[in-house]
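Undergrad: One structure, pasted below without further comment.
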Amino acid sequence: MRKAVGTHGTLHRVGDLQKRHDAQQTLPTLLCDGCNVPVRFVPEHSRPGVDRAPPLHLPAYLALNKGSGHLPGCRYNAPAHLQALLAAGADPEFLTTLDDGTHELRLLILQHALKRGSAGPTLLADAPLDGYLRTLSDLLTLQAMCEDDTLLAAQLTLRLGKKRVDWTNFLYWQERYDAAWERLGSASSELPMALLGTVRSHRTPQPDDPHGVTFLNCAPKYQHTGVTDRRDFYEVSVGHTDAAWLKSFPVGAEIVMFGLWRQGRSSTASRPHPTDPRRTITSVTHKLALRPSFARQLTLVE
């Protein structure tokens with residue numbers, strides 16, 4: 001959940017609640033904007049890293065109170081929505097039911113289609129492929145609205161050819177952009193992955209640019225490395241010649257981006273320390289890039 005309502009009907013977004021928390025202001029009593037059950041605000045915080053890794057930054061979010069649940073029909077009732085999606089009659093070659101009642105999503109069909117589609121700028125897909133993309137985007141949007149990543153993992157297995165793909169190697173929040181970048185670096189080819197992000201800006205091409213590609217840029221992950229005076233940034237961008245389409249995702253919007261991602265080149269920049277002239281601050285920027293072929297590869301999370 002990214003927004004809730006107060007008892008007087010005022011809409012409160014996570015970003016605004018975080019600002020009130022930072023200013024030590026009293027937070028309002030919050031209710032789900034879909035079914036009015038009580039919810040609570042969890043401010044952004046850090047969690048210790050594993051195996052001496054840097055601390056993991058966790059963004060602010062809204063959560064149910066312990067022991068409560070969303071009412072039937074609420075758009076945040078994730079288990080009910082998941083069952084509805086799984087029962088909607090998706091192509092069994094793409095989404096199949098296993099003997100234990102769980103399901104398996106086969107990504108190889110999409111991977112081949114995305115490789116074929118990368119040759120051209122069209123955003124249209126034929127009916128079967130559009131159905132596959134719609135099913136996957138619905139599932140990923142549902143996951144983006146959940147408080148954690150256990151729901152889909154318990155009900156849905158991912159498979160790419162003969163290999164089972166762990167959800168942690170497929171779906172990445174902003175705080176895990178570094179893991180996505182590392183995974184791309186260890187692969188021999190482009191990988192189908194999904195990233196969740198917040199639109200930060202749009203960059204239109206220069207008039208003399210022969211490619212005419214507009215870029216949608218997401219808020220990066222900023223990471224302390226444990227090395228004095230070094231900072232790492234992980235930047236995510238989506239490029240396409242259809243500027244109007246990319247700009248239909250406004251600044252501040254949360255989106256799901258799926259496709260064959262590429263690891264861009266890293267760049268290093270240095271600047272003097274603002275208060276100590278004997279020191280130099282080094283910033284290393286790592287880039288993750290997506291060139292989508294079909295409109296359903298980007299989905300707005302509402």
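The values are calculated or read from the model by the stated rules, or taken from the named source; none is laboratory data. Keep in mind the model is a prediction, meaning the values are calculated, not measured. Cβ: placed from backbone, ideal geometry, glycine included. Neighbour counts: every protein chain shown. Accessible surface is based on the protein model in full, side chains and every heavy atom, while ligands, DNA and RNA are left aside. Shrake-Rupley method; radii C 1.70, N 1.55, O 1.52, S 1.80 Å.
Undergrad: Could you identify which residue out of 269, 84, 60 has the top mean-square fluctuation in a GNM of the chain using Cα springs shorter than 10 Å?
TA: 269
Undergrad: Something else: Semi-axes, largest first, in whole Å: what does sqrt of 5 times each Cα gyration tensor eigenvalue give for the range 113-237?
TA: 25, 24, 15
Undergrad: Rank 90, 127, 153 by mean-square fluctuation in a GNM of the chain with C-alpha springs under 10 angstrom and give only the top-ranked residue.
TA: Result for the chain, Cα springs under 10 Å: 127 fluctuates most.
Undergrad: In the set (i) 84, 26, 13; (ii) 30, 29, 20; (iii) 47, 22, 14, which value of semi-axes √(5λ) of the Cα gyration tensor in Å was calculated from the structure you see?
TA: Correct label, based on the coordinates given: (ii).
Undergrad: Let me check against my output: what whole-number percent is the relative contact order of the chain, with C-alpha pairs under 8 Å and at least 6 apart?
TA: 15
Undergrad: Once amide H atoms are placed 1.01 Å from N in the peptide plane, what residues at a sequence separation of 5 or more from residue 103, or on another chain, have their amide H within under 5 Å of its amide H?
TA: Answer set, sorted by chain and number: 98, 156, 157.
Undergrad: While we're here: Among 266, 201, 46, what's the order by accessible area (1.4 angstrom probe), most exposed first?
TA: So the residues, ranked largest to smallest area, are 46, 266, 201.
Undergrad: Whenever you get a sec, compute what percent of the accessible area on the chain sits on carbon and sulfur atoms (1.4 Å probe).
TA: Looking at the chain in its full context, I get 51 percent from C and S.
Undergrad: How much accessible area per residue does the range 205-278 have, in Å², with a 1.4 Å probe?
TA: On a per-residue basis, 57 Å².
Undergrad: With θ set to phi - 60°, apply the Karplus curve 6.51 cos²θ - 1.76 cosθ + 1.60 along the range 284-299 and write out the HN-Hα couplings as whole Hz, x wherever there is a Gly or Pro.
TA: Result, ordered by residue: 10, 10, 10, 10, 10, 10, 10, 10, x, 9, 10, 4, 6, 6, 10, 9 Hz.
Undergrad: Using the Kyte-Doolittle scale, find the helices of the chain whose mean hydropathy is at least 0.0 and whose Cα atoms extend 15 Å or more along the helix's long axis, counting only whole DSSP H runs.
TA: Length and hydropathy pass: 127-145.
Undergrad: Let me ask you something else. Note the direction-averaged projected area, equal to a quarter of the hull surface, for the Cα convex hull of the range 211-302, in nm².
TA: The directionally averaged projection comes out at 7.9 nm².
Undergrad: Under a Cβ-Cβ limit of 4.7 Å, which cysteines in the chain have nobody to pair with?
TA: Cysteines lacking a close Cβ partner in the chain: 32, 146, 218.
Undergrad: For the chain, what does -39500 (n - 2.57) per DSSP helix run (n ≥ 4), summed and divided by total residues, give at 222 nm, in deg cm²/dmol to the nearest 500?
TA: For the chain, the value works out to -6500 deg cm²/dmol.
Undergrad: Could you pull out the pairs from 19/247; 115/287; 115/247; 66/162 whose alpha carbons sit more than 29 Å apart here?
TA: From the list (19/247; 115/287; 115/247; 66/162), the Cα-Cα distance tops 29 Å for 66/162.
Undergrad: Whole number in Å², please: accessible area per residue of the range 65-188, 1.4 Å probe, ligands, DNA and RNA not counted.
TA: Here the residues of the range 65-188 average 53 Å² of exposed surface.
Undergrad: Where both partners of a DSSP beta bridge lie in the chain, what percent of those bridges are antiparallel, to the nearest 5?
TA: 80
Undergrad: Could you work out how far the C-alpha centroid of the range 182-221 sits from that of the range 74-100, in angstrom?
TA: The range 182-221 and the range 74-100 have Cα centres separated by 30 Å.
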